[in-house]
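Working notes, structure below.
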Amino acid sequence: MVPQDPSAGPAGLAPDDPEAALRDARQRFLASFPKRSDSIGLLLSTVATVGARGPVAPLRHAVHRMCGLAGMLGFPAVSARARELEDLIDGVDAGAFDVSRANLVFEAMEQGFTDDLANPPDWAASIAMPHGTGRIMVVEDDEDQREVICINLEAAGYSTVQVAQGDDALPAARAERPDLILLDANLPGMDGYTVCRLLKSDAALASTPVLFVTTRSSLDDRAVGLTLGADDYLIKPVDMSELMLRIQVLLARRADGQGLGTRR
């Protein structure tokens, strides 16, 4: 496995109807939220009891997914509380986990779901994006987030290559020669920072712009990404119109340097 077929999303949605696809993805999130929340609550309870010996990694992964997906699908309160909870979970290994605070944030996340339902997003505002051309590789392990990003990219005129694991990113980039790479930092197998370092140390790929799109929001995380050669760094949840503008800037900069679309 290297790249995935971008038309083969989890719901089999046509990429040329982004508004319908976003509504469908939002409905699936609505249906799955109680189960996702229950799973987080169970994992959180276990970690609160046994600390670092508990399922810290699965808890962090579940909360990380919740943060990114909720933000993309119009649940900002859920996303914000999930990010806060993820930050708290980072203290478990250091013995600095505030259990009481984590439980309060988890309860606020569940309440945020109700609040967000009462204020649905105006999809039309986020769909009106500048038109572009080029091939973009999206390296993201969460299938739903990849789908949402790629549908919007394709609606804006880009072709996409989907990659789900860090270990597959370099072979896919060599085979597909994308014009730009969107890269999550938290990936199964090789993490995004290692992927970025390897991409930028490969003579054939070094000029390909890399834009991190991740929940890793600290100044240290951003500094590491940029030091490794990333061209830009966006924090999830991303505003799609801002993402498109950042992409346009990076592609224009690359075109000025060597000619957009030239395959090395």
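The values are calculated or read from the model by the stated rules, or taken from the named source; none is laboratory data. What you see is a predicted model; the values in this text were computed from it and never measured. Using ideal geometry, Cβ is built from the backbone for each residue, glycine included, and neighbour counts are taken over all protein chains shown. Only protein heavy atoms, including side chains, enter the accessible area calculation; ligands, DNA and RNA are left aside. Shrake-Rupley method; radii C 1.70, N 1.55, O 1.52, S 1.80 Å.
Going by what's in this entry, would Asp87 be described as part of a helix (DSSP H, G or I) and open to solvent by 10 Å² or more (accessible area, probe 1.4 Å)?
yes
Check the range 178-190 and report whether any residue there is more than 21 Å from Arg135 (Cα to Cα), open to solvent by 60 Å² or more (accessible area, probe 1.4 Å) and at pLDDT below 95.
Yes: the range 178-190 contains one or more residues that are more than 21 Å from Arg135 (Cα to Cα), open to solvent by 60 Å² or more (accessible area, probe 1.4 Å) and at pLDDT below 95.
Show the residue pairs that are 6+ apart or on different chains and have beta-carbon atoms under 6 Å apart, the first residue being within the range 50-78 and touching a residue at least 60 places away in the same chain (Cβ under 8 Å), the second being part of a helix (DSSP H, G or I) and aromatic (Phe, Trp, Tyr).
Leu73/Phe29
Going through Asp184, Asp179, Asp141 one at a time, which residue ends up being closer than 20 Å to Tyr233 by Cβ and in contact with a Phe, Trp or Tyr (Cβ under 8 Å, 6 or more places away or on another chain)?
Within the list Asp184, Asp179, Asp141, the selection yields Asp184.
All but one of (1) over 20 Å from the mean Cα position of the chain (by Cα); (2) closer than 15 Å to Met244 by Cα; (3) modelled with pLDDT of 90 or more hold for Glu107, so report the exception by its number.
(2)
Look through Ala173, Ala169, Ala255, Ala223 and report the one residue that is at pLDDT below 85 and not in a loop (DSSP other than H, G, I, E, B).
Ala255
Please tell me if Asp93 is assigned to a loop (DSSP other than H, G, I, E, B), acidic (Asp, Glu) and either at pLDDT 90 or above or at negative phi (or both).
Yes.
When the residues of the range 133-157 are narrowed to those that are open to solvent by 10 Å² or more (accessible area, probe 1.4 Å) and in a loop (DSSP other than H, G, I, E, B), which ends up farthest from Ala252 (Cα to Cα)?
Within the range 133-157, the match that is farthest from Ala252 (Cα to Cα) is Asp141.
In the range 224-248, how many residues are open to solvent by 10 Å² or more (accessible area, probe 1.4 Å) and either out of contact with any strand residue (DSSP E or B) (no Cβ under 9 Å at 6 or more places or on another chain) or polar (S, T, N, Q) (or both)?
Residues meeting the conditions: 8.
Could you grab me the full set of residues in the range 5-50 that are touching a Leu at 6+ places or on another chain (Cβ under 9 Å), modelled with pLDDT under 85 and either among the β-branched types (Val, Ile, Thr) or more than 26 Å from Val163 (Cβ to Cβ) (or both)?
Of everything in the range 5-50, just one residue is touching a Leu at 6+ places or on another chain (Cβ under 9 Å), modelled with pLDDT under 85 and either among the β-branched types (Val, Ile, Thr) or more than 26 Å from Val163 (Cβ to Cβ) (or both), namely Leu30.
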